[in-house]
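These notes concern the structure reproduced below.
Every read-out reported here was derived from the displayed coordinates using simple, explicitly stated rules and does not represent laboratory data. In this text the structure is predicted, and so the values were computed from the model without any measurement. Positions of Cβ are backbone-derived with ideal geometry, glycine not excepted, and every protein chain shown enters the neighbour counts.
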């Protein structure tokens, strides 16, 4: 085996927030400096070698649609790699799906955006249900302001639904 000398060393472990001066300056400028401790912890977690490996695993193993069961009945199940679920759990635990709605305040949306920006650097596919959940609150409140749409940070996300096409009769 020979030594490779023309490649940079592995990036991990690193902190995605602490190594991004522009992002830290934006938090300060946009009244979200209060979130720096939480975002620093998230940046550290996202930059761990294990988390980066999860991102590669989720990216290399796309979701698999199982449209029918073995008897030909429509089931429309989507199978996700376990890494995808672990990254989703990490994002939800960080409140990236609802924090500005659950705890509104100056810079709350900026702080959330910083977190999702860092998440997307590890794996961007998990951002879809996070973004849908975040965006749905404003849409529901706009559609029915008297509804009093409540937000829980307990880990619920909204997922897009595709209307199943009926299997033709034979």
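For this structure, a couple of remarks:
- Going from the residue with the fewest nearby Cβ atoms within 10 Å to the one with the most, 98, 128 rank 128, 98.
- Spacing of the two label points (7 Å from each Cα toward its C-beta) at residue 80 and residue 40, in nm: 3.1
- From least to most packed, judged by other beta carbons within 10 angstrom and beginning with the fewest, 69, 20 follow the order 69, 20.
- Calculated FRET efficiency for the pair residue 29/residue 144, C-beta based, R₀ 25 Å, to 0.05: 0.10
- Rough spin-label spacing in nm, given labels placed 7 Å along Cα→Cβ, for residue 56 and residue 11: 1.3
- Ranking of 25, 38 by count of other Cβ atoms within 10 Å, fewest first: 25, 38
- Put the Cα centre of the range 9-30 next to the Cα centre of the range 110-134 and the gap is 16 Å.
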